[in-house]
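Following: one structure in structure tokens, then a few remarks.
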Amino acid sequence: MGAVRIAMWSGPRNISTALMRAFENRRDCQVVDEPLYGYYLHSTGLAHPGGDEIISTMDCDWRSVVAGLCQKTPGPCEVYYQKHMTHHLLPEVALEFSDSLRNCFLIREPRRIIASYLRVRPDFSLQELGFPQQWSLFQRVADKLGSAPPVLDSAQVLKAPEKNLRALCEAVGIAFSHDMLRWPEGPRNSDGIWGPHWYESVYQSTGFQRAQNTPLGALKIPRKYEALCKEADRIYEDLCSYALIGAPG
């Protein structure tokens, strides 16, 4: 029957890499880390850490990338987990390829994302955070399915990892494995070459760590991003209403 192809669509500064670790620790799973990143940087010209190396070592043709995602796997497996960033879906990318995947969505409170992303890039748009693209893809997938695809809220995953992972596995039609809850620390061969720039905390992790988050009201962002945050909040709240395990408490 072939591998179950799970596409997890997230924005930046989320727990997407930890979730990839959880799946990679399954004995039946292969993973891929942000396969459209090279295409995205090549097409936008944005300056990201290690950008030249990323472009030179990755397939930057989105058509061949998505063909591989739908037709190949990195090795023999029953589950093929694809970690995706929604902002990599530039307007020219035809979304029909997603019809071959079991699409899932990982969300986080926008103010937390913005406060974190500001430490990396001081100037950005809503599209660079991937919120509009995530909502558009969610709507497309829901229309195709006739029901909402799985949504995970990162705050809830950190509060109750097993409960959320069990719900996700059930939603995509695979068995839950306790191996998803713990993993060895350190880098992986499957990590993107950008890992040293972004994955320091994940390298040190051995499981999902309950976040010690500053209260949302105490998070300060520049005034010029308040309107952006409000627009992102509307998308987040819409997606959060479909979360497998509740909304943040």
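Where does each of T206, T73, T86 land when they are ranked from fewest to most other beta-carbon atoms within 10 angstrom?
Details: T206 12, T73 18, T86 23.
So the residues, fewest neighbours to most, are T206, T73, T86.
About the Cα centre of segment 4-240, how large is the charge dipole given +1 on each Lys and Arg Cβ and -1 on each Asp and Glu Cβ? Please answer in debye to the nearest 20.
Numbers: 27 positive and 28 negative charges, 141 e Å.
The dipole magnitude comes to about 680 debye.
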| In the chain, what is the volume of the convex hull around the alpha carbon atoms, normalised per residue and reported in Å³? | 124
| request: Among the GluC sites (Glu not before Pro) in segment 145-233, which ones are in a DSSP loop with at most 16 other Cβ atoms within 10 Å of the Cβ? Mind listing them? | output: E185
| So how compact is segment 198-249: Cα radius of gyration and Dmax in angstrom? | 14.6, 38
| L118-D52 pseudo-label distance in nm [points 7 Å out on the Cα-to-Cβ vector] | 3.2
| request: Give me the number: length gained by fully extending S64 to D99, i.e. 0.36 nm times residue separation minus the C-alpha to C-alpha distance, one decimal in nm. | output: 11.0 nm
| field | Signed unit charges on C-beta, dipole axis of the chain, positive-most listed residue M20, I193, M58 | value | M20
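Please give the calculated 222 nm ellipticity per residue for the chain, where each DSSP H segment of at least 4 residues contributes -39500 (n - 2.57) and the sum is spread over every residue; nearest 500 deg cm²/dmol?
Numbers: 12 runs with 102 residues, N = 249.
For the chain, the value works out to -11500 deg cm²/dmol.
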| said: Give the aspartates and glutamates whose C-alpha is closer than 19 Å to that of K224, dropping any in the same chain fewer than 8 places away, or say none. | reply: E109, D123, E128, D233
| What residue among V93, L41, L145 has its Cα farthest toward the positive end of the dipole of segment 4-240, where the charges are +1 on Lys, Arg and -1 on Asp, Glu, each on the Cβ? | L145
| Which of these, P161, P12, P74, has the largest mean-square fluctuation under a Gaussian network model of the chain (Cα springs below 10 Å)? | P74
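Taken together, the values in this text are just the output of simple stated rules run on the coordinates, not laboratory data. Everything numeric here is computed off the predicted structure, so don't read it as measured data. Methodologically, a virtual Cβ is constructed for each residue, glycine included, from the backbone with ideal geometry; neighbour enumeration extends over all protein chains shown.
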